[in-house]
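Input: a single structure, listed below in structure tokens.
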2 protein chains.
Amino acid sequence: MPADREEEAASADARHAEKMRKIQAARSTMMATKTREQGLLIVHTGTGKGKTSAALGMVVRAIGHGMKVGVVQFVKGAMATGEKTVFDAFPENVEFKPMGEGFTWDTQDRTRDIASARTAWDEVCRMIADPAYQMVVADELNIVLRYDYLPLDEVLKAFAAKPEMKHVIVTGRNAPDALIEAADLVTEMTMIKHPFRSGVKAQAGIEF
Amino acid sequence: MPADREEEAASADARHAEKMRKIQAARSTMMATKTREQGLLIVHTGTGKGKTSAALGMVVRAIGHGMKVGVVQFVKGAMATGEKTVFDAFPENVEFKPMGEGFTWDTQDRTRDIASARTAWDEVCRMIADPAYQMVVADELNIVLRYDYLPLDEVLKAFAAKPEMKHVIVTGRNAPDALIEAADLVTEMTMIKHPFRSGVKAQAGIEF
């Protein structure tokens, strides 16, 4: 490398180190104020993909840290999913319950949907009350709330009364405003581009 | 139930069944046009949480379907993560490589960061080329691109030349426009609410 290029590179490195030092200092100051541990009410909503996947990723992390997690799926159940196979390999850490009977437009039976939502919700309540579980996932609960299959008030009351250190994760599009209000951490997944638009079908490993 | 209430409920059920039947019919028509299978270039970006978690959730699904997945983490590596423990239990299905040396503001050494980005990228290229892998995750690659640790052109060229059936997932905030342009499926994770704001620290199972 010629001497001037070398000097330029050395100066870029120095500027980078200084910038990173400043970011690090700012970050340390910020992190020092974050001292509490707390069970979180987490909501993944929006029309984009990744709401359930991100919850499953958090389950993976929790398993890795030796936590016990309960997962109740309000919509899935009719179809075998990849996640069930994996989580069933960790019976000490995960209780995985697909309790839906398929998408609600496949059943066309409101009374049955309400009954199955109630059974699934009872499971969520049991896991929230049982100190053995440190994390509870209510997958697609928002869809059930959207169709008024469960009273929102009852759900909010149960979350408000949850043990302080317990994490609860709720997924599904159209999260009710009152649930977003009650939550500690809310992420909206927004679709920027979707391959369905160009004729690609749902695929193993991606959609299920 | 009094007779009029019973009638009302029966009518609500009938309306619901009709609505669901219409949704199902529309959905069947749409799904019938989705016939192709194709390896997807998937991007999870945005400033919200869930970008890496959602990729990990997809890895879980892929494992469950017996696929082989390669995961290269460009930033993580200095700290043990929950996901590594779990994926290491499936050595036939997952090759999991945390190849970062911590967040770049912790290293403050641009030359070293560039070298470690290059080593990690070589791994991604190897996994893309090797027919044994059906899915490859380049976790936090966007951060590396943001800092110009790798030439964007080189990365885009490698993705454009990937085998047709291979899924590649890229995560990290600030995805370059040209990568979004090249991708098949792009989700933006948007932060609606974050508990850091109220003094809660990063917790096992949630952030790592």
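Taking amide H atoms as placed 1.01 Å from N in the peptide plane, the amide H of B:Gly39 lies under 5 Å from those of B:Met165, B:Lys166, each 5 or more residues away in sequence or on another chain.
Per-residue SASA remark: B:Ser116, around 20 Å² accessible (1.4 Å probe; ligands, DNA and RNA not included). Per the Cα gyration tensor, chain A maps to an equivalent ellipsoid with semi-axes of 39, 23, 17 Å, ordered largest to smallest. Entry note, the protein assembly as shown: the mean residue ellipticity at 222 nm calculated from DSSP H runs of n ≥ 4, each adding -39500 (n - 2.57), is -14000 deg cm²/dmol after division by the residues and rounding to the nearest 500.
Considering only protein heavy atoms and a 1.4 Å probe, what is the carbon-and-sulfur percentage of the accessible area of region B:120-208?
After summing per-atom areas, the C and S share lands at 52 percent.
Across region B:81-95, rounded Karplus estimates of 3J(HN,Hα) from the backbone phi angles (6.51 cos²θ - 1.76 cosθ + 1.60, θ = phi - 60°) give 10, x, 4, 4, 4, 5, 5, 5, 6, 10, x, 6, 9, 10, 10 Hz, Gly and Pro being marked x. Rolling a 1.4 Å probe across the protein heavy atoms gives region A:36-198 an accessible surface of 39 Å² per residue. With R₀ fixed at 41 Å, the C-beta to C-beta distance from B:Arg146 to B:Lys19 puts the FRET efficiency at about 0.35.
Working from Cα pairs under 8 Å separated by at least six residues, relative contact order for region A:139-208 is 37 percent.
Here region B:120-208 is treated as a Stokes sphere of Kirkwood radius computed over C-alpha pairs; at 37 °C and 0.692 mPa s its diffusion coefficient rounds to 221 µm²/s.
Phi angles across region B:38-54 convert, under the Karplus curve 6.51 cos²θ - 1.76 cosθ + 1.60 with θ = phi - 60°, into 3J(HN,Hα) values of 7, x, 10, 9, 10, 10, 10, 9, x, 8, x, 7, x, 5, 6, 4, 5 Hz, Gly and Pro given as x. Computed with a 1.4 angstrom probe on protein heavy atoms, the A-B interface buries about 7200 square angstrom of accessible area in total. The heavy atoms of B:Tyr147 offer some 50 square angstrom of accessible surface to a 1.4 angstrom probe. The smallest convex shape that holds all Cα atoms of the protein assembly as shown, its convex hull, gives 137 Å³ per residue. Of the residues making up region A:49-65, those losing 20 Å² or more of accessible area when the isolated chain is joined by the remaining protein chains, with a 1.4 Å probe, are A:Lys49, A:Ser53, A:Ala54, A:Leu56, A:Gly57, A:Met58, A:Val60, A:Arg61, A:Gly64, A:His65.
For region A:36-198, the number of Lys pairs with C-alpha atoms closer than 18 Å, counting only pairs eight or more positions apart or on separate chains, is 14. With the whole protein complex present, B:Thr52 retains an accessible surface near 10 Å², based on a 1.4 Å probe.
Distances between equivalent label points of A:Ile180 across the copies, with each point positioned 7 Å along Cα→Cβ, amount to 2.0 nm, shortest listed first. Within 10 Å of the Cβ of each residue in A:40-46, the mean number of Cβ atoms contributed by other protein chains is 4. Taking all protein chains together, A:His167, B:His194 sort by accessible area into B:His194, A:His167, largest first [probe 1.4 Å]. Amide H to amide H distances under 5 Å link A:Lys193 with B:Val186, where only residues 5 or more positions off or on other chains count and H is placed in the peptide plane.
The values are calculated or read from the model by the stated rules, or taken from the named source; none is laboratory data. From a predicted model like this one, the values you see are computed outputs, not experimental measurements. Every residue, glycine as well, gets a Cβ built from its backbone with ideal geometry; the counts of neighbours run over all protein chains shown. When the accessible area is computed, the model is the full protein with side chains, heavy atoms only, and any ligands, DNA or RNA have been set aside. Shrake-Rupley method; radii C 1.70, N 1.55, O 1.52, S 1.80 Å.
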